[in-house]
Amino acid sequence: MAKYVLHRLVVSALVMLGISAVVYFMLHLVSDSPGRIVLGQRVSPEAVAAFDHQHGFDRPVVVQYLDYLGRLLHGDLGRSYKLNENVSTLIAQNAGRSAMLSLAGLVLALAVAVPLGILQAVRRNGPLDRAATAVSYMLYATPSFLLGLVLIAVFSQQAGLFPAEASQSHSPWAVFTDPRAMTLPVITLAAGSVAVFAQHQRSSALDQLGQDYIRVARAKGLRERQILTRHLLRNACMPLITLVGTLVPTLLAGNVIVESLFNYPGLGLLFLNSLQREDYPLLLAYTLMGGLLTVVGNFLADVMVAAADRRIEVGR
């Protein structure tokens, strides 16, 4: 197991290095001169050239990337010229709130999708299965911002059950300390994942129900609840583990929509504001964070699946 984990760590590090290079060079190609962005479009070319020279932006792009990579290894993500603060500080101030929002959305999605998918598989082609499948497709096809607007219109403006704006607390625990204000954002973030997870869990459970170990368990006279909880659930959830790992960055992207829609002070809202301001260092840091979450999510999923099924490690 240790050898497998080490192998996955090396592969993840190489993938992350490639992501950092691609993101850096792409942003360098599509963005204007940093000096022009920071100082404005009406400033003189001499002032722009002086700014670029002072901050090393006039050097070859490969040299700039190597310098940026060296600073990354020391935890330096650069400085936001628009906000005049370190990017690391800005991310640290907002990461906790976004992380708890994503975690709450993920837990809610799994809590609904896993039992629903199992129940759909057990009652295949029944009324519940057909209704749940139809709702899942509708949720999957509905954009997050549209679903959020519908929830605000129904449950906030008409019913008055929840506020239209998320909690403005700067505490990362606002999801738990102010649940009423965070209900609609969490539901909006979780809805799309519920649709994906439930259908994936249904397909996996249907595949497992046809396996020999299920027939043997039934032949031994075990109750259906024992078969589902002790045998089916563990094996049917293993493909879902990998899916969750790959969808972690999707939650980060969903945070941009949810946080902007409900005015929630987190990384998503910070990214949206930096995009409007063309804040190059913040955009680069946020994009790299998405790549890092992708790599880490896949790494953790591979390790958990290998721990649950040792045949994966042997067959690597």
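The values are calculated or read from the model by the stated rules, or taken from the named source; none is laboratory data. Since the model is a prediction, treat every value here as computed from it, not as a measurement. Using ideal geometry, Cβ is built from the backbone for each residue, glycine included, and neighbour counts are taken over all protein chains shown. All accessible areas refer to the heavy atoms of the entire protein, side chains included, with ligands and DNA or RNA removed. Shrake-Rupley method; radii C 1.70, N 1.55, O 1.52, S 1.80 Å.
Quick notes on this structure:
- Screening ARG97 with (1) closer than 28 Å to LEU189 by Cα; (2) charged (D, E, K, R); (3) surrounded by 14 or more Cβ atoms within 10 Å (Cβ to Cβ); (4) more than 22 Å from the chain's Cα centre (by Cα) gives one miss only, at (4).
- Within region 271-294, the residues that satisfy the criterion of being closer than 17 Å to ALA99 by Cβ and either open to solvent by less than 30 Å² (accessible area, probe 1.4 Å) or aromatic (Phe, Trp, Tyr) (or both) are PHE271, ALA285, TYR286, LEU288, GLY290, GLY291.
- Region 34-73, subset in a loop (DSSP other than H, G, I, E, B) and open to solvent by 70 Å² or more (accessible area, probe 1.4 Å), residue farthest from SER88 (Cα to Cα): ARG42
- Considering the conditions (1) of a type in the set (A, V, I, L, M, F, W, C); (2) in contact with a Cys (Cβ under 9 Å, 6 or more places away or on another chain); (3) exposed (fewer than 13 other Cβ atoms within 10 Å of the Cβ), VAL114 is excluded by exactly one of them, (3).
- Check on ASP76, out of contact with any helix residue (DSSP H, G or I) (no Cβ under 6 Å at 6 or more places or on another chain), surrounded by 13 or more Cβ atoms within 10 Å (Cβ to Cβ) and among the acidic types (Asp, Glu): yes
- Within region 230-240, at least one residue is among the small types (Gly, Ala, Ser), assigned to a helix (DSSP H, G or I), modelled with pLDDT of 70 or more and within 19 Å of ALA109 (Cα to Cα).
- Single condition VAL150 does not satisfy, out of (1) modelled with pLDDT of 85 or more; (2) surrounded by 17 or more Cβ atoms within 10 Å (Cβ to Cβ); (3) among the β-branched types (Val, Ile, Thr): (2)
- When region 261-316 is limited to residues that are among the acidic types (Asp, Glu) and closer than 27 Å to GLY75 by Cβ, the one that is modelled with the highest pLDDT turns out to be ASP279.
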